[in-house]
Amino acid sequence: MGNNSDTGQLVQLGSWDVWKGALAKPGASWEGILAGRLADRDIMPRCAPEDFPMSGWRVVHTAEEPWAEKVLILAAPSASIAERWVLIQLAGGREGWWLGGPASHVPVPVREMRRQGLHLQWARDAFSVERGSTPDAAVELLNVGDKVWEPTEEDRRHVQGMVLDLQGEQLGTGWYAHGLTDQLPTLMPGARITLPVSFNHTELRHLAPGNCLLAANLSSLHLWTGTRAALRIM
């Protein structure tokens, strides 16, 4: 997945890029897709929404994670809301299988398509911060294309920052948060907005005074700053 021919066959559903063909299939019953994995008494997820479907389920993504031997993302058309899909995570390991919480999403074009015409740049070339504090940095999102850019419901304002050494290696592991931020606005050609950058690295409080670099990513679109900003720790 990454060339133009693939992109046209994909949509984003929740956090995952899935094949359009997978969504066109009829799917299986809820009981059927869980057969052999969960006991009957455990098959209904907690906090199931009112539109939770009992049919049309299919696997749209598989993965291996540090906390599970296998993770399946299951999806089915909403039982009552047109064009929406209910997604749920089914994970398995040595202790058996368990369900995550359901979520509802509309299929949207993949990030590679949605970020076309957009550019992310630092609001300034350099920032400074007192030792033990979190950088107060911002970026600008610009529509450099010749068309109006319209956000989808997946396109949120969260910008994730990273602190790097002068060789470009990340300092500290930190943790990556998408954040429950507001939707991005419509951007006319030539328009720009300023967005704050979030830093979740507890290790930043312990960095010695000196010079570092900053990188940032508009996480909903996987859109990175084209250059790195300078950070001076005082």
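Just how many % of Cα pairs in the stretch 128-234 lie over 22 Å apart, if you round to the nearest whole percent?
When every Cα pair of the stretch 128-234 is considered, 34 percent fall beyond 22 Å.
Any chance you could list P(r) for the stretch 1-131, counting all Cα-Cα pairs in 5 angstrom bins from zero, rounded to whole %?
2, 9, 17, 19, 16, 12, 8, 6, 5, 3, 2, 1
Where does the charge balance sit around residue 102 when Lys and Arg score +1, Asp and Glu -1, over other residues with C-beta under 14 Å from its C-beta? Present the calculation step by step, with values, prior to reporting the outcome.
Values: positive: 46, 84; negative: 50, 51.
So the surrounding residues net to 0.
Quick one: compute the contact order of the chain, relative version, from alpha carbon pairs under 8 angstrom and 6+ residues apart, as a percent. Spell out each step's value before the answer.
Details: 501 pairs, mean separation 40.0, N = 234.
Relative contact order here is 17 percent.
Please name whichever of 148, 138, 87 sits farthest to the positive end of the charge dipole of the stretch 18-150, dipole taken about the Cα centre and charges placed at Cβ: Lys and Arg +1, Asp and Glu -1.
The listed residue farthest towards the positive side: 87.
Lys/Arg Cβ at +1, Asp/Glu Cβ at -1, dipole of the stretch 102-200 taken about the Cα centre: which of 159, 171, 190 is farthest positive-ward?
Checking the options against the dipole of the stretch 102-200, the answer is 190.
To the nearest 20 debye, what is the magnitude of the charge dipole of the chain about its Cα centre, counting +1 on the Cβ of each Lys and Arg and -1 on the Cβ of each Asp and Glu?
That gives a dipole near 160 debye.
Tell me, what is the FRET efficiency for residue 169 and residue 25 to the nearest 0.05, using R0 = 30 angstrom and their Cβ-Cβ distance as r?
Between residue 169 and residue 25 the formula returns 0.10.
Take the alpha carbon atoms of the stretch 5-66, find their center, do the same for the stretch 180-206, and report the distance between the two centers in whole angstrom.
Each part reduced to its Cα centre gives a spacing of 31 Å.
Taking K and R as +1 and D and E as -1, what net charge do the other residues with C-beta under 14 Å from the C-beta of residue 63 add up to?
On the way: positive: 70; negative: 17, 64, 65, 69.
In short, -3.
Work out Dmax and Rg for the stretch 46-107 from the C-alpha atoms and quote the Rg first, both in angstrom.
Cα-based Rg and Dmax for the stretch 46-107 come out at 12.2, 38 Å.
Based only on the alpha carbon positions, what is the Kirkwood hydrodynamic radius of the chain, in angstrom? Don't skip to the answer; put the middle values down first.
Values: mean 1/r = 0.0496 Å⁻¹.
It works out to 20.2 Å.
Per q in 0.10, 0.12, 0.13, 0.22 Å⁻¹, report the Debye log10 I(q)/I(0) for the stretch 62-179, using one uniform scatterer on each alpha carbon and no solvent.
Evaluating at q = 0.10, 0.12, 0.13, 0.22 Å⁻¹ gives log10 I(q)/I(0) of -0.55, -0.77, -0.87, -1.26.
Read the figures in this text as sums done on the coordinates, not as results from a lab. Just so it is clear, the model here is predicted, and its values are computed rather than measured. As a convention, Cβ positions derive from the backbone with ideal geometry for all residues, glycine included, and neighbour counts pool all protein chains shown.
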